[in-house]
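Okay, so here's the structure we're looking at.
The values are calculated or read from the model by the stated rules, or taken from the named source; none is laboratory data. Computed from a predicted structure; not experimentally measured. Using ideal geometry, Cβ is built from the backbone for each residue, glycine included, and neighbour counts are taken over all protein chains shown.
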Amino acid sequence: MSNTSVTAAPEDIVVPKKLGFGFWLCVIWVGLMAFIAIFASVLPLKSPTANFLNSAQGRPPYAPSWSHWFGTDKDARDVFSRSMYGARISLTVGFTAITAGFLIGGTLGVISGYYKGWIDRISSFGFIVLLSFPSLVLAILLTSLIDRNLLTVSLVLGLLSIAPVGRLARAATLQYADREFVLAARQIGATNRRIIIKEILPNVAIPMSSLALLGMAVAVVAEGGLAFLGFSVQKGITWGGLIQLGSDASKTLQNAPWIAFFPILMLFLTVLSLNFAGDRLRTFFDVKETTL
Amino acid sequence: MRYYVQRVALAILLLLAVSMLTFGALNILGDPLFNILGPVAGDVNNPDSIKMIALAKKEFSLDRSLPVRYFIWLSDFVRGDFGVTFSSTGQPPVSGVISERLPRTISLVFLAQMFAVLVSIPWAIIAAARAGKISDRISTINAFFLVAMPNFAIAVILKFVFSLKLGWTPITYMADDPLRSRLFQLLLPALTIGLPVAAVYQRLLRTDLITTLQQDFILLARTKGLSKTRILFVHALRPSLFSFITVVGLNTGALIGGSIVAETVFRIPGIGSTLVESIFRNDFPVVLAIVMIVASAFVVINLLVDFAYTLIDPRVRR
């Protein structure tokens, strides 16, 4: 039903067949964040954990100034450099999570879409079970039970992306599994493994790749939410944790809003860029929205 | 008929799987004893504490094997007895905690959905009527911004602007206040949940509306000389609502999960904030009950949406 309604593109909206200025702006922002995340310790940033107490200014938190662009928190730590270091965990977790989700979910989805039968039934049931938990509830539940470090938090968020990625990969594979070129390959005696890798995967990979960016945005937000509630990586600085620190006490939020608001800005711009770039890629590759 | 039976059976199977996974994970990965007894639980060399551990194990039936405990829990759960909280006294019962707090979460989610629907429909209609024009572009960008804003960030911003700077809404939720002021206190959390959702609904409905507006019967209505408002609200809206209603329905379960953040920021004692507190206190029966309630809501709403489909389009039954 919705299939026909979404795919029929309205004529008066011309979808430009180029990525556009906005797309590259977003790519530059994400690239910049990734650069900062990787090289934070080499870049001339202030220490994120040092206390910059200044007796002339009285008691911290200090408002944004030339020496502290984003101000300081109530321990006189530099919010700018903390926001930069925050990109590290947020982006690493987002990237690792979506990579894990694509590897596991993508493989499962392609295999169940190709072989069908009982493999398909089992993995489809697994996907529905995973989707029956509201994702934040499942993420909180799992992270609360494990030792929270960079890898485990990433894997939990990766687990959450298995079901949506897997269903998408399965749907995309089903579209191709009975097409003529696949039958032809089978006729000339290609093995299943060869067909999946050489025939199916290249066709499925294109629509999936544009969704990797959208998925990474979701993972970054999810990590932020976990950190905000206190369920993300135990040691280290994350955007969600910084926002939580700046807004937990109403007094801090009221008197020193910059502590929470600059990390919010960083997170917002990053998620916006990932979303926008992903959406642009999707229209560029003309992926049907209903397969989402 | 066969279709309905199959769907219900699948739903029950799903909930069983969810409960087994949750029950297993909580019991294998966590240590319920420590929470009941405190440090005594680790003190295995002292004869007194061994006695206490044995007593507590018996009381909370932790001395049985895992499958047996699961079946005890399951048979109690389906009869509405959610067990006892893991504390030294076992009071209050989990059912009491839930029945006290669930209504708050439900009213919060209801308010948020109402807000999102009431905002997104006119927003989508206005955008679709001017599709491709500058005002539509601006509204699309706005929707994009809203979707990119994580709900905890929205919560912090709303709290800062409306509670702290303008002082329009109270900071905390008082359970004893009269209904009207409690509803007023739910306003900001409902906005927190509802705003990004409204943007999602708007984008969906706008696309469907634009497609409907290309159809012949709209052209006919226009040549009949009907006003643009009448065409949009009466003729175009109804056939465009199909996937909108589906998504609104399916989203309700997810919003219960989304209320975790809103309840935590605005300090509302609903099941979302209770889930977080209980996890920090290792209070497994409460966690299990909340996860099951949220998952059940999710599965049941899915089922209802599927059944609603069969009423609209009998081909779905196959």
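Which condition number in (1) more than 16 Å from the chain's Cα centre (by Cα); (2) closer than 24 Å to A:Leu274 by Cβ is the one that A:Ser144 fails?
(2)
Please work out which one of (1) at pLDDT 85 or above; (2) more than 13 Å from B:Leu191 (Cβ to Cβ) is the condition B:Pro170 fails and give its number.
(1)
State yes or no: is B:Thr140 part of a helix (DSSP H, G or I) and within 24 Å of A:Gln244 (Cβ to Cβ)?
For B:Thr140, the condition - part of a helix (DSSP H, G or I) and within 24 Å of A:Gln244 (Cβ to Cβ) - is not met.
Consider the range A:226-240. How many of its residues are within 15 Å of B:Val265 (Cβ to Cβ) and surrounded by fewer than 24 Cβ atoms within 10 Å (Cβ to Cβ)?
Here the count works out to 1.
Being within 21 Å of B:Leu146 (Cα to Cα) and either of a type in the set (Phe, Trp, Tyr) or surrounded by fewer than 24 Cβ atoms within 10 Å (Cβ to Cβ) (or both) narrows it down to one residue among B:Thr252, B:Thr246; which is it?
After ruling out the rest, the residue left standing is B:Thr252.
For the range B:192-242, what are the residues that are touching a residue at least 12 places away in the same chain (Cβ under 8 Å), surrounded by fewer than 21 Cβ atoms within 10 Å (Cβ to Cβ) and over 18 Å from B:Ala127 (Cα atoms)?
B:Phe217, B:Ala221, B:Phe242
Which of the helices (runs of 4 or more DSSP H) contained wholly in the range B:205-318 include at least 2 residues that are more than 16 Å from the chain's Cα centre (by Cα) and away from chain A (no Cβ under 11 Å)?
B:216-223, B:237-265, B:284-312
Matching residues to (1) on the phi < 0 side of the Ramachandran plot; (2) part of a loop (DSSP other than H, G, I, E, B); (3) within 19 Å of the chain's Cα centre (by Cα); (4) at pLDDT 80 or above:
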{"site": "A:Val27", "(1), (2), (3), (4)": "yes, no, yes, yes"}
{"site": "A:Gly31", "(1), (2), (3), (4)": "yes, no, yes, yes"}
{"site": "A:Ala34", "(1), (2), (3), (4)": "yes, no, yes, yes"}
{"site": "A:Lys46", "(1), (2), (3), (4)": "yes, yes, no, no"}
{"site": "A:Ala56", "(1), (2), (3), (4)": "yes, no, no, no"}
{"site": "A:Trp66", "(1), (2), (3), (4)": "yes, yes, no, no"}
{"site": "A:Lys74", "(1), (2), (3), (4)": "yes, yes, no, no"}
{"site": "A:Phe102", "(1), (2), (3), (4)": "yes, no, yes, yes"}
{"site": "A:Gly106", "(1), (2), (3), (4)": "yes, no, yes, yes"}
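Where the second residue is hydroxyl-bearing (Ser, Thr, Tyr) and at pLDDT 85 or above and the first is closer than 16 Å to B:Phe71 by Cβ and in a helix (DSSP H, G or I) and lies in the range B:18-36, which pairs have Cβ atoms under 6 Å and are six or more apart or on separate chains?
Hits for this filter: B:Phe23/B:Tyr70.
Being over 23 Å from B:Glu263 (Cβ atoms), surrounded by 23 or more Cβ atoms within 10 Å (Cβ to Cβ) and at pLDDT 85 or above is true for just one of A:Ala217, A:Ala222. Which residue is that?
A:Ala217
Suppose we keep only residues that are facing another protein chain (nearest Cβ under 10 Å) and not in a helix (DSSP H, G or I) within the range B:143-166. Which one would you say is surrounded by the fewest Cβ atoms within 10 Å (Cβ to Cβ)?
The extreme case among them is B:Met149.
If we scan the range A:177-193, do we find a residue that is more than 10 Å from chain B (Cβ to nearest Cβ), part of a loop (DSSP other than H, G, I, E, B), among the acidic types (Asp, Glu) and without any contact (Cβ under 8 Å) to a residue 40 or more places away in the chain?
Looking for residues that are more than 10 Å from chain B (Cβ to nearest Cβ), part of a loop (DSSP other than H, G, I, E, B), among the acidic types (Asp, Glu) and without any contact (Cβ under 8 Å) to a residue 40 or more places away in the chain, one finds at least one in the range A:177-193, hence yes.
Residues in the range A:108-161 that are acidic (Asp, Glu) and farther than 27 Å from B:Asn251 by Cα: how many?
Number of matching residues: 1.
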